[in-house]
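This report refers to the structure that appears directly beneath it.
The values are calculated or read from the model by the stated rules, or taken from the named source; none is laboratory data. In this text, all values refer to a predicted model and were calculated from it rather than measured experimentally. Here the Cβ positions follow ideal geometry from the backbone for every residue, glycine too, while neighbour counts run over all protein chains shown. Only protein heavy atoms, including side chains, enter the accessible area calculation; ligands, DNA and RNA are left aside. Shrake-Rupley method; radii C 1.70, N 1.55, O 1.52, S 1.80 Å.
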Amino acid sequence: MLDSETFTPEDARADPGPLPDACAARVLAWYDRHRRSLPWRAPPGARADPYRVWLSEIMLQQTTVAAVGSYFLAFLERWPTVRDLAQASLDEVLHAWQGLGYYARARHLHACARAVVERHGGAFPDSEEALRALPGVGSYTAAAIAAIAFDKPASAVDGNVERVIARLHALETPLPDVKPAIRRLAERLVPTRRAGDYAQAMMDLGATVCTPRAPRCVLCPVIDLCAGRRLGIGETLPRRREKVARPVRHGIAFLLVRRDGAVLLRRRPPEGLLGGMMEVPSSDWQPGELDRNSCMAAAPVAAGWRVLPGIVRHVFTHFELRLEVAAAHAPTARMADGVADSRWCPVDRLDEMALPTVMKKILTHGLKGLADR
Ligand code: SF4
């Protein structure tokens, strides 16, 4: 390393960085003492089950460890092996996934289980390349499975690892431009032995010590190798480009209620946002101002629709949705016969349906609005 008096961020970027062996050895020794106990993790020294590793990694995409725990255990109890999961229906999987969000992951999970059974006889492949060819398994997930389940020297860079590497090397280029540099530097630190433990150790280090705010550097096993710490900029890294405001989309949802209180639900097309899940029928979700006339023209049936007061808001990754809810009573059940992929659902059985959070919000808002009328 360079002398601290003359050490600048530019030097840090040019510096080859901590010696791979020294870094990995320290991180592994720290892991042996401080590893997190997680439901999907094999005990020290034991071989990890690829099914558990894969299931947890898919669930953890975009979701916190705390939120995933109970879902992971419930899935494992219901579908103890990848063959069991492959035999489940998509609806059962979507229903069990409810509340985890990003439902494309659940569809991919189901498709991947079937692919593992059909293409690989029920055993996960151990190479990154073959893993990447499975539905819903991207570069990161393939590397994580290869490393954790098969001890391959693969570099799994999640958000936690990204932060540790950016700080260790004092990388000041903002995300996402800095990602290729992080990947390269992360790769050279991966040890040839205990690669699976190392991958989990780096994740734990980022989650428990090198935290986004107030990193606990005094507890860090690589403190004396860390250029970010040395320059006093560790906590500010990785930098991010300024956020652009989330665009807003508008639409109208149509809550049709039968005499006995059942509501009309429709299945969304298999592809796209919330694909394959049940919905309260709605207009397109349009950018810009709400065009009430064109939205009302999208009502699933001709009825005495009345727009209820208030709106339903829901934030997706790439946009915010604001929906008005129009409600109407259906004099006969046959009224909805022409609505494709639809079914009536009694209100007390709504929790048995694969309903995403936004649809639950619409139902709560609409049923309350109708009761208040
Ligand atoms: Fe992160 Fe601090 Fe460790 Fe550097 S010394 S890797 S900033 S915890």
Sole residue being within 12 Å of the ligand (Cβ to nearest atom), touching a residue at least 12 places away in the same chain (Cβ under 8 Å) and in contact with a Cys (Cβ under 9 Å, 6 or more places away or on another chain), chosen from L205, L231, L265, L237: L205
Within region 272-284, identify whether any single residue is open to solvent by less than 60 Å² (accessible area, probe 1.4 Å), in contact with a strand residue (DSSP E or B) (Cβ under 7 Å, 6 or more places away or on another chain), assigned to a strand (DSSP E or B) and among the hydroxyl-bearing types (S, T, Y), and answer yes or no. yes
Residues in region 216-228 that are open to solvent by 30 Å² or more (accessible area, probe 1.4 Å) and either out of contact with any Lys or Arg (no Cβ under 7 Å at 6 or more places or on another chain) or not assigned by TED's automatic domain parsing to the domain that holds H34 (or both) total 4
Search result, residues across region 208-228 that are in a helix (DSSP H, G or I) and free of Cβ contacts under 8 Å to residues at least 60 places away in the same chain: C217, V218, L219, I223, D224
Any idea which residue in region 172-193 is farthest from G45 (Cα to Cα), counting only those that are in contact with a helix residue (DSSP H, G or I) (Cβ under 6 Å, 6 or more places away or on another chain) and part of a loop (DSSP other than H, G, I, E, B)? E172
When you go through (1) in contact (Cβ under 8 Å) with a residue 60 or more places away in the chain; (2) surrounded by 13 or more Cβ atoms within 10 Å (Cβ to Cβ) one by one for E352, which number turns out not to apply? (2)
Check off (1) at negative phi; (2) over 26 Å from the mean Cα position of the chain (by Cα); (3) away from the ligand (no atom under 16 Å from the Cβ) for I223 and give me the number that stays unchecked. (3)
Can you list residue pairs whose Cβ atoms sit under 6 Å apart, with the first residue in region 142-154 being free of Cβ contacts under 8 Å to residues at least 60 places away in the same chain and in a loop (DSSP other than H, G, I, E, B) and the second being of a type in the set (S, T, Y) and open to solvent by 10 Å² or more (accessible area, probe 1.4 Å)? Count only pairs 6 or more apart in sequence or on different chains. P153/T192
Which of the residues spanning region 125-136 are touching a Pro at 6+ places or on another chain (Cβ under 9 Å) and either open to solvent by 20 Å² or more (accessible area, probe 1.4 Å) or small (G, A, S) (or both)? D126, A133
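Of the residues S139, S155, only one is open to solvent by 60 Å² or more (accessible area, probe 1.4 Å), in the same structural domain as G45 (by TED's automatic domain parsing) and hydroxyl-bearing (S, T, Y); which?
Exactly one residue qualifies, and that residue is S139.
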Which residue, of V244, V257, is in a loop (DSSP other than H, G, I, E, B) and over 29 Å from P135 (Cα atoms)? V244
Find the residue count for region 19-54, including only residues that are assigned to a helix (DSSP H, G or I) and surrounded by 15 or more Cβ atoms within 10 Å (Cβ to Cβ). 14
Restricting the search to region 161-180, which residues are within 15 Å of the ligand (Cβ to nearest atom), surrounded by 19 or more Cβ atoms within 10 Å (Cβ to Cβ) and in contact (Cβ under 8 Å) with a residue 40 or more places away in the chain? V161, E162, R163, V164, A166, R167, L168, H169, A170, L171
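It is to be established whether one or more residues within region 198-212 are open to solvent by 80 Å² or more (accessible area, probe 1.4 Å), at negative phi and among the small types (G, A, S).
First pass over region 198-212, keeping only residues open to solvent by 80 Å² or more (accessible area, probe 1.4 Å): none.
The answer is no; no qualifying residue exists.
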